[in-house]
Each structure stands twice: as C-alpha cells, then as structure tokens.
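**Q** Before we start, here is the structure in question, set down as structure tokens.
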Amino acid sequence: MAKIRRPRHGSLQFWPRKKAKKPYAKVKSWVKSKNIGLLGFVGYKAGMTHVAVKDSRPSSLTKGDNIVWPVTVIECPTIKIFSLRFYKKTQYGLKVVFEIINGRLDKELSRKVKLSKKDIEPKLKDVSSKLDQFDDLRVCVYTQPNKTGIGKKKPEIFELGVGGNNVKEKFDYVVGLLGKEVRVSDVLKQGNKIDIHAVTRGKGFQGVVKRFGVHLMGHKTEKKRRTNIYGPTIPSKILWGMIMPGRMGFNLRTEYNKDVVFVGDKPEKVNPKGGFLHYGLVKNDYVLIKGSVPGHVRRLITMTESIRGTKGFGHGVELQNVSLESKQ
C-alpha cells in the first residue's frame, strides 16, 4: 500500500499563535492612493447566502452563462469622524505628533471615551498653516451599532487611511466630513478587489488533533495521539515549533483580493425569511463579498482598498438574484 503523505497543519508563518487584543482589526499598512477619499470601511458580519450572477467577462470560461456564487453579507451602518491624526516620519517610522478630536460627537461615545465639547475651529485654523510640517494624515472614525439590530450600543473607534496626493488635499477632504455621516457606497464600489481584516472565531483550548491535524494512531498502538519527540533530554528544552495543545482561534487575519459582488441600500432585497441566524435582519446599507469571511457573526469586519493592486471584474458580472430562503 502506498504511503499517504499528510503534511502538518498550522503554518509557522503565523507563529506565535497569540490572541488578538481586540475583537476587531487594527490595520497598520495602507495603500498609497492618489484618489481622494477614505481607504476603507467597516461593517458587521450578518451571515452567508448565495447569488445568481450573469457572467459577461470576455475572457471567462463561463462567458454568457448564469452562475451561482456563495457570498457573505456585511451590514454597513454609516460612520462618523472622531479625530484627525497628523503623522511625521522618524527613524522609528511614522509617529503621531498632533491630533484634533471632533467636538461634535454622539452621546453613545460616552460609553467608550470622555467626550470633549471644545470648539475645534481654532485648532483647524492653526494647523492649516502648518500642513507642510507633516508627512501623512489619517482619521479615527467610530461606528454606530445602535442603528443595527444586534443589540449593541457601545461604538468601536479605529483608524482609517486617507487617499490623496498630499497632506493638504487630505486635510481639505476630511474637514468637509466633520459632523457628516459617511456611507459605504462613498468608499466601496461593485466589481473592485478589497482586503478583509478580521478576527477569527475563538475555539478555546484544543488538542493537537484539532489544532494541527495530527493523525490518530492505530488501535494497537501504545498512545492514541503521536506528535513528535518534544525535545532533547539534556538539556531539557521544548523546541519553538513543536506542536502542542493550546488556545486556538481568535487570531487577527487578513484575506487579500476579495471581490465586491454588490453594494446595496435596500435591505429587503437581501434579508432571508426569518432573518440571518444569530443575527436577525439587516437594516442598513450592505455589501456582498464573494466567498467566506473570517470571524463570527456580529463581528466587525474591516474592508480596505487592495494593497496588492489586483484588478477586479469591474462591470463584467451582473447580479441577477439573491437567495432569500430561510437560514433557520
């Protein structure tokens, strides 16, 4: 009988397997875009369904056919600007040197931070004459989960990159967003490629069979689970790459080049009968992403402009139908 080759599970590229600090992602690298606008958006994962699309891509093997794709539904309530962050290059990389916090914030933010009611117009006027001293500008935004049906009130605060040729263009654009709501249709477009940043589902303390896919030994062996020699006896030491039981899941992961199938503003076209399992009904704008997305339902998903610059299918795919069958 031929020997079955079964490589170990668990890539050493993700070592150590440490737990994420927050249940939502922190993005450190942003694409350098000359298009003025926010470089990302966020939403709450509602669940999965399938759609029927007509493929009209000229080089596709299914050109002219109706095909079925699995999609993930992400509900995207509007976001607002929390603060402006000004960066400067140092020998240790970009560092925040100045920040202006918006003085017109929602009362729900008092659950997260202490609100400031100071007028920011003098600070904006003062910093506008010093923009040449900064190397980059980013914004902190906050979500509005109270607009959804997940029963959450405390918003999340996180940082988003801003596209533009220089700091002045970015500054003029962001100042115009103060006090306004930003919709997902202002940032994401159908047919583009995006990157997904999310925290995976936590699975608790698991053994080596589930965590690394170790074979269960035969019924006549001394031990049921055989991993490897743990290390030398003299001196006694556990090697750093040794597979052992431990905490599994709840890791920050990035999936590159996911397709945006559709960006919609009519929830009734995507809500299944009885709502999504463990989520309920979508009440705001939504995004359909081809394939699966990391994380549990109700978890915040960060969608950013593709940092690898891969082109999407553009207008080569037309959405025909979204399955509304019950997921209960």
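The values are calculated or read from the model by the stated rules, or taken from the named source; none is laboratory data. These numbers come from a predicted model, not from an experiment. Cβ placement follows ideal geometry from the backbone for every residue including glycine, while neighbour counts extend to all protein chains displayed.
**Q** Could you check, for the stretch 154-166, whether at least one of its residues is out of contact with any Ser or Thr (no Cβ under 8 Å at 6 or more places or on another chain), farther than 23 Å from Lys19 by Cα, touching a residue at least 24 places away in the same chain (Cβ under 8 Å) and of a type in the set (Val, Ile, Thr)?
**A** Scanning the stretch 154-166, I find at least one residue that is out of contact with any Ser or Thr (no Cβ under 8 Å at 6 or more places or on another chain), farther than 23 Å from Lys19 by Cα, touching a residue at least 24 places away in the same chain (Cβ under 8 Å) and of a type in the set (Val, Ile, Thr), so the answer is yes.
**Q** Quick test of your reading of the structure: Val71 fulfils all but one of (1) part of a loop (DSSP other than H, G, I, E, B); (2) at pLDDT 95 or above. Name the failing condition by number.
**A** In the conditions (1) part of a loop (DSSP other than H, G, I, E, B); (2) at pLDDT 95 or above, Val71 misses (1) alone.
**Q** Report whether or not Lys89 is touching a residue at least 60 places away in the same chain (Cβ under 8 Å) and surrounded by 11 or more Cβ atoms within 10 Å (Cβ to Cβ).
**A** Considered against the rule, which asks whether it is touching a residue at least 60 places away in the same chain (Cβ under 8 Å) and surrounded by 11 or more Cβ atoms within 10 Å (Cβ to Cβ), Lys89 comes out as no.
**Q** Further, regarding this structure: So which of Val27, Val51, Val31 ends up being over 27 Å from Leu137 (Cβ atoms), in contact with a strand residue (DSSP E or B) (Cβ under 9 Å, 6 or more places away or on another chain) and β-branched (Val, Ile, Thr)?
**A** After ruling out the rest, the residue left standing is Val51.
**Q** Can you confirm whether the stretch 259-276 contains a residue that is touching a Gly at 6+ places or on another chain (Cβ under 7 Å), modelled with pLDDT under 95 and more than 24 Å from Tyr24 (Cβ to Cβ)?
**A** no
**Q** Please list, ordered by residue number, the strands (runs of 3 or more DSSP E) wholly in the stretch 143-225 having 1 or more residues that are surrounded by fewer than 17 Cβ atoms within 10 Å (Cβ to Cβ) and not acidic (Asp, Glu).
**A** Working: elements: 157-163, 193-199, 202-206.
Because the criterion is at least 1 residues that are surrounded by fewer than 17 Cβ atoms within 10 Å (Cβ to Cβ) and not acidic (Asp, Glu), the strands (runs of 3 or more DSSP E) in the stretch 143-225 that meet it are 157-163, 202-206.
**Q** Can you confirm whether Ile74 is free of Cβ contacts under 8 Å to residues at least 60 places away in the same chain and under 22 Å from Val287 (Cα atoms)?
**A** In short, no.
**Q** Being of a type in the set (Ser, Thr, Tyr) and at pLDDT below 95 is the filter here, so list the residues in the stretch 27-68 that pass it.
**A** Ser29, Ser33, Ser56, Ser59, Ser60, Thr62
This table checks each residue for (1) among the hydrophobic types (A, V, I, L, M, F, W, C); (2) modelled with pLDDT of 80 or more; (3) within 22 Å of the chain's Cα centre (by Cα).
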{"site": "Met217", "(1), (2), (3)": "yes, no, no"}
{"site": "Lys220", "(1), (2), (3)": "no, no, no"}
{"site": "Pro232", "(1), (2), (3)": "no, yes, no"}
{"site": "Gly246", "(1), (2), (3)": "no, yes, no"}
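**Q** Considering only residues that are assigned to a strand (DSSP E or B) and in contact with a Gly (Cβ under 9 Å, 6 or more places away or on another chain), look in the stretch 1-46 and name the one that is surrounded by the fewest Cβ atoms within 10 Å (Cβ to Cβ). Steps first, please.
**A** Kept after step one, since they are assigned to a strand (DSSP E or B), are these residues of the stretch 1-46: 37-38, 40-46.
If we keep only those that are in contact with a Gly (Cβ under 9 Å, 6 or more places away or on another chain) as well, we get 37-38, 40, 45-46.
Values: Gly37: 15, Leu38: 23, Gly40: 23, Lys45: 23, Ala46: 28.
Ranking the qualifying residues of the stretch 1-46, first place goes to Gly37.
**Q** Suppose we filter Asn284, Asn251, Asn257 for residues that are at positive phi, of a type in the set (S, T, N, Q) and under 20 Å from the mean Cα position of the chain (by Cα); which single one remains?
**A** Details: Asn284 fails: at positive phi; Asn251 fails: at positive phi.
Exactly one of Asn284, Asn251, Asn257 is at positive phi, of a type in the set (S, T, N, Q) and under 20 Å from the mean Cα position of the chain (by Cα), namely Asn257.
**Q** Go through Leu109, Leu84, Leu94 for me and flag whichever is within 24 Å of Glu181 (Cα to Cα), assigned to a strand (DSSP E or B) and either at pLDDT 90 or above or not assigned by TED's automatic domain parsing to the domain that holds His296 (or both).
**A** That would be Leu84, the only listed residue that is within 24 Å of Glu181 (Cα to Cα), assigned to a strand (DSSP E or B) and either at pLDDT 90 or above or not assigned by TED's automatic domain parsing to the domain that holds His296 (or both).
**Q** Whether any residue in the stretch 125-144 is closer than 30 Å to Lys290 by Cα and of a type in the set (Lys, Arg) is what I want to check.
**A** Within the stretch 125-144, one or more residues are closer than 30 Å to Lys290 by Cα and of a type in the set (Lys, Arg).
**Q** Are any residues in the stretch 272-292 surrounded by fewer than 21 Cβ atoms within 10 Å (Cβ to Cβ) and either touching a Leu at 6+ places or on another chain (Cβ under 8 Å) or closer than 20 Å to Asn257 by Cα (or both), and if so, which ones?
**A** Pro272, Lys273, Gly275, Lys290, Gly291, Ser292
**Q** Output the residues belonging to the stretch 165-174 that are under 10 Å from Leu137 (Cα atoms) and in contact with a Gly (Cβ under 8 Å, 6 or more places away or on another chain).
**A** Lys170
**Q** To continue, here is another question. Can you tell me which residues in the stretch 308-328 are surrounded by fewer than 19 Cβ atoms within 10 Å (Cβ to Cβ) and hydrophobic (A, V, I, L, M, F, W, C)?
**A** Leu319, Leu324
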